[in-house]
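Chemist: I'd like to ask you about the structure that follows.
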Amino acid sequence: MHEIRDIALAPEGAVKIDWVKKNMPLLRGLEEEFARTKPFKGLKVALSVHLEAKTAYLCLVLAAGGAEMVVTGSNPLSTQDDIAAALAEKGINVFARYGSTPEEYRAHLNRVIEAGPNIIIDDGGDLVNLIHGEYAGLLPGVIGGCEETTTGILRLRSMEKAGELKFPMIAVNDAKCKYLFDNRYGTGQSVWDGINRTTNLIAAGKNVVVAGYGWCGKGVALRAKGLGAHVIVTEIDPVKAMEAVMDGFKVMTMDRAAAVGDLFITVTGCKDVITAKHFDLMKNGALLCNAGHFNVEVDVEGLEKAAVEKKRQRQNIDGYRMKNGNWLNLIAEGRLVNLAAGDGHPAEIMDMSFAIQALSAAHLVKNRDSLKGGRVLGVPEKIDLLVAGRKLEHWGLKIDALTEEQARYLNSYNV
């Protein structure tokens, strides 16, 4: 079953999937392993992740392990229609299309949940929230799931605290091989890929305001510095603000940064980071974009109301003229700039993140009798270390190991 834009696009999507497969050695190894062991035989896996080539290959790896895949995207502007078509041609149940309306996006989520999943792989928490809210009758069939991103984990922890989460969820984002690499290096590169290809403007010499200095913000700021930008960080956490200062960046409030920034990138996971009070302070030609999961960090509705004119400036850039005559330019409707205006993280980075996803899902199935109840679980350390070890092996690198004497020394009180 599928609901996609056009099945004729499948050959284009297949080429993209083949390319990332060549550059995702960890998933290639898991595909071979899963094809032998069939850890998901007889199970349905529901997946809502940004539907581009790397995600498609993850779907095929899980399918090789015996899973019946039921797939949709996690953002209307990040689905690539040729990728959806390629998956459909390969027999995957896929319900997604680029630029879907809010109603269509919701309908696609419903189609995925209505399949009655045993494992849920989520990015942002939409599937988990939907099954708890409107499809509670299907909860007994769910073994558990995995959550990809910070925003989704925040939602899960809120559900857990309220006693509303009914099955275990593994917080993939909290794995070291995820946040240290995906969030920092992946976001850092892919955000600038999206900005650069969309604007065709230089970063060097500009004042770039990065809102949020978590691992994603660190990556974005690091790449901005490398491009020659003057980086300003806004934060609510005094410790992270100190980190930014010692990393060589200016720190100020958004109220102050609004007047001096040339390009604004929100990476907080929160809402209303840039609001109506900031728009009138901004320079003529200022660029605004978001790298958080939901399009709530820049107050787009407030921007629409404040503007006296709106005009498409370039593909994926909408210009808004303020009452003072200044034009503000919003990239990708305030949605995830690296996916709505780009191809997302590099394949080598997502190779690690999706290897963790696949191994965590298999871990849930293998330990289904002991992993019960509504808990948010960490990725087992052995999975983190396995992924890191295999990555180093692929790079042809070896590291030292403790001798027995060293191990005893480190674990002894008597030194």
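Chemist: Quantify how much of the Cα-Cα distance distribution of the chain extends past 30 Å, in percent.
Modeler: Details: 37604 of 85905 pairs.
Every Cα pair in the chain considered, those over 30 Å come to 44 percent.
Chemist: Which FRET efficiency value, to the nearest 0.05, is calculated for Asp280 and Arg375 with the Förster distance at 45 angstrom and r the Cβ-Cβ distance? Intermediate values should be presented prior to the final figure.
Modeler: Numbers: r = 46 Å, r/R0 = 1.03.
Efficiency for this residue pair is about 0.45.
Chemist: Counting residues in the range 185-335 as N, plug N into 2.2 N^0.38 Å and put the Cα Rg over that result. Let's see the in-between values first.
Modeler: Working: Rg = 14.1 Å, N = 151, 2.2 N^0.38 = 14.8 Å.
Normalised by 2.2 N^0.38 Å, the Cα Rg of the range 185-335 equals 0.95.
Chemist: For the chain, modelled as a Gaussian network with Cα springs under 10 Å, which listed residue fluctuates most, Trp327, Trp215, Trp395?
Modeler: Greatest mean-square fluctuation among the candidates belongs to Trp395.
Chemist: On alpha carbon coordinates alone, what is the Rg over Rh value for the range 1-126, Rh being the Kirkwood radius?
Modeler: Working: Rg = 13.5 Å, Rh = 14.2 Å.
A ratio of 0.95.
Chemist: Check Ile317: other-chain or 5+ apart residues with amide H under 5 Å from its amide H, H built from backbone geometry?
Modeler: The list, which skips near neighbours in sequence, is Ala332.
Chemist: Which of the helices in the chain, when you take each full DSSP H run, stretch at least 15 Å along the axis at their Cα atoms and have an average Kyte-Doolittle score of 0.5 or higher? Don't skip to the answer; put the middle values down first.
Modeler: Values: long enough: 10-22 (18 Å, -0.39); 25-37 (18 Å, -0.48); 53-64 (16 Å, 1.62); 102-114 (18 Å, -1.14); 150-161 (16 Å, -0.42); 187-199 (18 Å, -0.84); 215-226 (17 Å, -0.02); 347-366 (27 Å, 0.86); 381-394 (20 Å, -0.32).
Span-like helices, by this rule, are 53-64, 347-366.
Chemist: Stokes-Einstein at 25 °C, 0.890 mPa s, Kirkwood radius from Cα pairs: D for the range 163-272 in µm² s⁻¹?
Modeler: Estimated diffusion coefficient is 167 µm²/s.
Chemist: Using only DSSP helix segments of four residues or longer, with each worth -39500 (n - 2.57), what per-residue ellipticity at 222 nm results for the chain after dividing by its residue count and rounding to 500?
Modeler: Computed mean residue ellipticity for the chain: -12500 deg cm²/dmol.
Chemist: Run the paramagnetic zone check for Ile236: 7 angstrom along Cα to Cβ, then residues of the range 288-319 with backbone nitrogen under 13 Å.
Modeler: Answer for this model: 297.
Since every read-out is calculated from the coordinates, none of them should be taken as a lab result. Note that the coordinates shown come from a computational prediction; the quantities given were computed from them, not determined experimentally. So basically every Cβ, Gly included, is an ideal-geometry build from the backbone, and we count neighbours across all protein chains shown.
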